[in-house]
């Protein structure tokens with residue numbers, strides 16, 4: 001298995017989110033983008049929450065996270 005480079009970031013960057021979206025099948029990518037727009041959260045937050053939930057079903061949900069809307073740029 002190839003080693004994954006480490007980063008000091010605590011959250012998914014906008015560029016990283018776009019790279020992740022780019023490799024997803026179109027129907028999944030569209031679902032994430034539509035969901036982010038529907039709940040008015042950045043795509044970074046939506047992807048980060050989805051990954052956290054996959055890894056730990058008891059992880060934070062959108063309702064208990066209270067992310068600061070507008071801190072991260074939205075995907076247009």
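Available extension along the chain between residue 18 and residue 52 is 10.5 nm, counting 0.36 nm per residue and deducting the alpha carbon span. Given R0 = 22 Å, the distance between the Cβ atoms of residue 34 and residue 11 translates into a calculated FRET efficiency of 0.55. Extent along the principal axes, Cα only, for the stretch 14-56: 25, 21, 20 Å, with the longest axis given first.
Throughout, read-outs are computed from the coordinates displayed, never taken from laboratory work. Just so we're clear, the structure is a prediction, and the values are computed from it rather than from any experiment. Cβ coordinates were reconstructed from backbone atoms using ideal geometry, including for glycine residues, and neighbour counts include every protein chain displayed.
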